[in-house]
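Novice: Below is the structure I would like to discuss, written out as structure tokens.
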Amino acid sequence: MSEMTIEELIDEFQFLGDWEERCDYLIDMGFDLPEMPSSEKTEQTKVHGCQSNVWLITRVRTEDGRTTLDIIADSDAMIVKGLIAVLLTLYSGKSPAEILDIEPREVFRELGLDRHLSPARKNGLNGMVQRIRELAAQVAA
Amino acid sequence: MSVSTSVSFDVEAIRAEFPILGKPLPKGRPLVYLDNASTTQKPRCVVDKEREVQENYYANAYRGVYKFGAMVDDELESTREKIRKFIGAAEVEEIVYTSGTTMGINLVANGWGRKFLKPGDEILLTEMEHHANLVPWQFVAKATGAIVKLTPLTEDGRVDLGAFAELLSERTKIVAITGMSNVLGTMPPIEQITKQAHAIGAVVLVDGAQSVPHGATDVQSLGVDFLTFSGHKLYGPSGVGVLYGRRALLEDMDPFLCGGHMISQVFDDHSTWAEIPAKFEAGTLPITQAIGLGAAIDFVSEIGFDAIHAHEQALLEHATEQLNSIPGMKIYGPSPEHKGAICSMTIDGMHPEDMANLLDRKGVFVRHGHHCTMPLHSKLGLSATTRASFAIYNTMNEVDALIDAIHFARKRLRLTD
């Protein structure tokens, strides 16, 4: 799953059709998300604005002169874990400049997340996106 | 468990009065509406009454002498009288239209609190108050130098009456307490609390948002000084509520909102206030909503609270028994005989947000979150619960649908027994 690109995920969602099936798929993606060690789940790594607890950390990786961000995130709610998996598909292994270039709203729209998530959950998702983009901007600067 | 609540209580006949309940959800699933502590669905008579006003004689209230103005005024005043009777108030002038419970409490906190609270005075609440009966007091305490104190709860979520008696002192100026917790369902002994508070000279405000729709309320026999409740939790429209206050208190306190209708005379540099209740009814009232509330009161009065209470308690007992058979289930608050028809719960391994989402998939509508009671949730060591709350139109089959939906959610989240 981690190898899936965002385009493949959008295709998959379009194939699934209705929101219930997509929601099931999100839950399954959540189950496949690697767990974050509990020692990393601190007040510093917590993302505010989420109804459920979300923790997010990024690590800068430089390999062969290319800088990318590793994103590790977790939640205590399974559907949110699925949304995290979507974000990882979108952002993982990308350079800070590439991350800042991505327009996540467009992707969420194509996945149907804009219509089916509650405002509270959209806020949470945007909180995570904002955190990732801030970190990318810091590294890029 | 007694299922036969009352010979006259026919839940199917009641359901037939609520058009929304008969409309299937997408995929043909029946609606199982269990978020009644948030807001209730509307019977046809309420919808019809609002339409009747808007289609036939709508006008502003207490403004025009023309025909429609007079008709609206008559409707509002006869509704005010219905409300008086409904809560057992002595005088119709003691009934103030508000936008809802929140506004009622804010009105008392500001209109009474800012005028009479002095530094060091105490405002006594409980640990289970809705934010609407906590935050306005914090706000007014900050402005006046008064102190907010919270009465603790017992292990099973009842008011710790021993602690209450200890906290009560001559410094206590007001006791503001819920008539029924929107999370735990706890129904404090209001009459006893009022007696104790009055003995030391404090006034008592009851937040009746949850209690008024589920049981008979008589402000005079309870002895309460202020009672506030909302229309939309009582099968009536949203945007309208009621503040009851004893005449002497309403007359002594300041207005809260200023503007039209609440004045007697306005000069360049000062104004004088209208008599109660107009003094507290600044601006245009929620006209059709208030008249619609009258229809809702007629509706529940006709069914009667004995039958309503018996039916809802039977649902609560059945739900409690069934929910407790689910692995990892914890229901918060007292046992059914000490509370109203609310079950706030957690299930091991299931986040309340996931639970509410997965239940929605089965057409079961419940609420999740902190339910505007963050201090209570932190006392319970929780960030959120999932709440199923019942009303007159819910059925035993719907309780079973809730249980089936929870089993589905557990399976979907790969929880094993």
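Novice: With (1) in contact (Cβ under 8 Å) with a residue 24 or more places away in the chain; (2) away from chain A (no Cβ under 14 Å) as the list, and B:Asn324 as the residue in question, which single condition is left unmet?
Specialist: Every listed condition holds for B:Asn324 apart from (1).
Novice: On the basis of being surrounded by 15 or more Cβ atoms within 10 Å (Cβ to Cβ), within 14 Å of chain B (Cβ to nearest Cβ) and over 15 Å from the mean Cα position of the chain (by Cα), does A:Asp76 make the cut?
Specialist: Taking the combined requirement at face value, the residue does not satisfy it.
Novice: Also, quick follow-up: Kindly indicate which of B:Thr385, B:Thr416 is within 13 Å of another protein chain (Cβ to nearest Cβ) and either of a type in the set (Val, Ile, Thr) or farther than 28 Å from A:Gly30 by Cα (or both).
Specialist: The conditions single out B:Thr385.
Novice: Now for a different question. What residue, of B:Thr416, B:Thr385, B:Thr373, B:Thr346, is surrounded by fewer than 18 Cβ atoms within 10 Å (Cβ to Cβ) and either among the hydroxyl-bearing types (Ser, Thr, Tyr) or free of Cβ contacts under 8 Å to residues at least 24 places away in the same chain (or both)?
Specialist: B:Thr416
Let's see how each residue does on (1) more than 28 Å from B:Ser78 (Cβ to Cβ); (2) touching a Cys at 6+ places or on another chain (Cβ under 9 Å); (3) open to solvent by 60 Å² or more (accessible area, probe 1.4 Å):
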| residue | (1), (2), (3) |
| --- | --- |
| B:Val242 | no, no, no |
| B:Arg246 | no, no, yes |
| B:Ala296 | no, yes, no |
| B:Ser301 | no, no, yes |
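Novice: Could you list, in sequence order, all residues of the range B:88-135 that are charged (D, E, K, R) and under 21 Å from B:Ile291 (Cα atoms)?
Specialist: B:Glu91, B:Glu93, B:Glu94
Novice: Residues B:Leu168, B:Leu153, B:Leu161, B:Leu134: which one is open to solvent by 10 Å² or more (accessible area, probe 1.4 Å), within 25 Å of B:Ser344 (Cα to Cα) and more than 22 Å from the chain's Cα centre (by Cα)?
Specialist: Answer to the check: B:Leu161.
Novice: Yes or no: the range A:52-59 includes at least one residue that is away from chain B (no Cβ under 14 Å), over 15 Å from the mean Cα position of the chain (by Cα) and β-branched (Val, Ile, Thr).
Specialist: The answer is no, given that none of the residues of the range A:52-59 is away from chain B (no Cβ under 14 Å), over 15 Å from the mean Cα position of the chain (by Cα) and β-branched (Val, Ile, Thr).
Novice: OK, next. Listed residues A:Gly93, A:Gly82; which is without any contact (Cβ under 8 Å) to a residue 60 or more places away in the chain, part of a loop (DSSP other than H, G, I, E, B) and either more than 29 Å from B:His371 (Cα to Cα) or in contact with a Cys (Cβ under 9 Å, 6 or more places away or on another chain) (or both)?
Specialist: Unique residue meeting the criteria: A:Gly93.
Novice: Just give me the residues in the range B:23-43 being out of contact with any Leu (no Cβ under 6 Å at 6 or more places or on another chain), over 30 Å from B:Ala132 (Cα atoms) and touching a residue at least 24 places away in the same chain (Cβ under 8 Å), in sequence order.
Specialist: Of everything in the range B:23-43, those that are out of contact with any Leu (no Cβ under 6 Å at 6 or more places or on another chain), over 30 Å from B:Ala132 (Cα atoms) and touching a residue at least 24 places away in the same chain (Cβ under 8 Å) turn out to be B:Arg29, B:Pro30.
Novice: Continuing with the same structure: Scanning the range A:1-42 for residues that are within 14 Å of chain B (Cβ to nearest Cβ) and either touching a Pro at 6+ places or on another chain (Cβ under 8 Å) or not in a helix (DSSP H, G or I) (or both), which turns out least open to solvent (accessible area, probe 1.4 Å)?
Specialist: Taking the candidates together, the pick is A:Leu33.
Novice: Can you find, within the range B:353-366, the residue that is surrounded by the fewest Cβ atoms within 10 Å (Cβ to Cβ) among those that are within 8 Å of chain A (Cβ to nearest Cβ) and in contact (Cβ under 8 Å) with a residue 12 or more places away in the chain?
Specialist: B:Arg361
Yes/no per residue for (1) open to solvent by 30 Å² or more (accessible area, probe 1.4 Å); (2) in a helix (DSSP H, G or I); (3) more than 30 Å from B:Arg387 (Cβ to Cβ); (4) of a type in the set (Ser, Thr, Tyr):
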| residue | (1), (2), (3), (4) |
| --- | --- |
| B:Lys27 | yes, yes, no, no |
| B:Ser38 | no, no, no, yes |
| B:Val47 | yes, yes, no, no |
| B:Val53 | no, yes, yes, no |
| B:Gly69 | no, yes, yes, no |
| B:Ser78 | yes, yes, yes, yes |
| B:Glu81 | yes, yes, yes, no |
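Novice: From the list B:Ser230, B:Ser301, B:Ser238, which residue is in contact with a strand residue (DSSP E or B) (Cβ under 6 Å, 6 or more places away or on another chain) and of a type in the set (Ser, Thr, Tyr)?
Specialist: Going through B:Ser230, B:Ser301, B:Ser238 in turn, just one is in contact with a strand residue (DSSP E or B) (Cβ under 6 Å, 6 or more places away or on another chain) and of a type in the set (Ser, Thr, Tyr): B:Ser230.
Novice: Now, a different point. I'm checking my understanding of the structure. Among residues of the range A:60-73 that are touching a residue at least 60 places away in the same chain (Cβ under 8 Å) and open to solvent by 40 Å² or more (accessible area, probe 1.4 Å), which one is farthest from the chain's Cα centre (by Cα)?
Specialist: Once the filter is applied, the top-ranked residue is A:Thr67.
Novice: Which of the numbered conditions does B:Leu21 fail, given that it passes all the others? Conditions: (1) modelled with pLDDT under 95; (2) open to solvent by less than 60 Å² (accessible area, probe 1.4 Å); (3) not in a loop (DSSP other than H, G, I, E, B).
Specialist: So the condition that B:Leu21 fails would be (1).
Novice: Now a separate question. Condition first: open to solvent by 10 Å² or more (accessible area, probe 1.4 Å) and within 14 Å of chain B (Cβ to nearest Cβ). Now tell me which residues in the range A:79-104 satisfy that.
Specialist: A:Lys81, the sole residue that qualifies.
Novice: Just checking: which of the helices (runs of 4 or more DSSP H) contained wholly in the range B:147-229 hold 1 or more residues that are of a type in the set (S, T, N, Q) and either modelled with pLDDT under 95 or out of contact with any Cys (no Cβ under 9 Å at 6 or more places or on another chain) (or both)?
Specialist: Once the helices (runs of 4 or more DSSP H) in the range B:147-229 are filtered for at least 1 residues that are of a type in the set (S, T, N, Q) and either modelled with pLDDT under 95 or out of contact with any Cys (no Cβ under 9 Å at 6 or more places or on another chain) (or both), what remains is B:190-199, B:219-222.
Novice: Across the range A:111-141, which residue is nearest to A:Asp70 (Cα to Cα) among those that are within 13 Å of chain B (Cβ to nearest Cβ) and not in a helix (DSSP H, G or I)?
Specialist: It comes out as A:Leu117.
Novice: Scan the range B:88-122 residue by residue and report those that are in a loop (DSSP other than H, G, I, E, B) and more than 16 Å from B:Gly208 (Cα to Cα).
Specialist: Those that are in a loop (DSSP other than H, G, I, E, B) and more than 16 Å from B:Gly208 (Cα to Cα): B:Ala90, B:Glu91, B:Leu117, B:Lys118, B:Pro119, B:Gly120, B:Asp121.
The values are calculated or read from the model by the stated rules, or taken from the named source; none is laboratory data. All values derive from a computational prediction rather than experimental measurement. Cβ atoms come from the backbone with ideal geometry, glycine included; neighbour counts cover every protein chain shown. These area figures cover heavy atoms from the full protein model, side chains too; ligands, DNA and RNA do not enter into them. Shrake-Rupley method; radii C 1.70, N 1.55, O 1.52, S 1.80 Å.
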